[in-house]
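Worksheet: one structure, shown below.
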Amino acid sequence: MIKIKSIKWVSLLLVAALFVIAGCGNNNNAGNSAASGGNAAGESTDSAAIAKIKERGKLLVGVKYDTRLFGLKDPASGNVEGFDIDISKAIARHILGDENAIELKEVTSKTRIPMLNNGEIDMVVATMTITEERKKEVDFSDVYFQAGQSLLVKKGSPITGLESVTKDTKILGSKGATSIKNIKEKVPGVTVLEFDNYQDAFAALKAGQGDALTTDDAILYGMAAQDDGYEVVGEPFTDEPYGIAVQKGNTDVVQAINDTLAELKANGEYDAIYTKWIGKAPAK
């Protein structure tokens, strides 16, 4: 009798142990499934923006239409050309395998972030300086162009650089550009007239509505190339690293852009694009 009872107890203990093991196994599997589900969901979210671009079959890019050397529309042909356009085409080639699978949409310094965040465009490639304030609204790629703020004046102007600017100087600029904030910080009390775009600001300078136009030197050199009666003066007085902006959280798009930039720099195409538009090789 004792032996039979012992065997029964052993059997009961074995069955109980099996239930415990099975339960643990199910819990582990559930945990693993949850983790896998979480990762899968994360991957799905991360790749959603790229998937949307591929499904559409073209890349929507916000660029300037009024900025010589970077993004300028030819009124005769309707073509938009410049440094930013060539970079945009390279990104389209990387993502979609075709640099012509792209649609360019005009943005200004004032409209580019709203257009990006309401979904009209996939990215902004438009002489946009990376700032901490803007990082709160958008995500940026690596720096794709290094610029610095300067002044454009009529040749013979008494303004020879930032040190010549006083609160009585009338400065012209573009709405939404960081250059407006910068010049006000550098020269407290200075008068600044803001225009919708750089061509309007340049026209105002030529019409005598101001003493100097300020923005990034790369943009100003393009204006000077339009009219040899104007020149860029003084040394750059800010550091303006340009980045390509995307909606916050679109990390897969940022990665695709950064991969493109790395490829362009590795194979020499970036230097060729830079030299084509800026007229000299980039500083190393």
Here the FRET efficiency for residue 281 versus residue 193, based on Cβ atoms and R0 = 35 Å and rounded to 0.05, is 0.45
Span from the segment 57-102 Cα centroid across to the segment 165-205 one, whole angstrom: 28
Return the FRET efficiency for the residue pair residue 163, residue 143: r is the Cβ-Cβ distance, R0 is 25 Å, and the value is rounded to the nearest 0.05. 0.35
Starting from the 7 Å offset along Cα-to-Cβ, what nm value, one decimal, do you get for the label separation of residue 47 and residue 110? 4.2
At 7 Å along Cα-to-Cβ for each site, give me the label-to-label distance between residue 103 and residue 265 in nm. 3.2
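Taken together, the values in this text are just the output of simple stated rules run on the coordinates, not laboratory data. No experiment lies behind these values; they were computed from the predicted model shown. Counting neighbours? That spans all protein chains shown, and the Cβs are built from the backbone with ideal geometry, glycine included.
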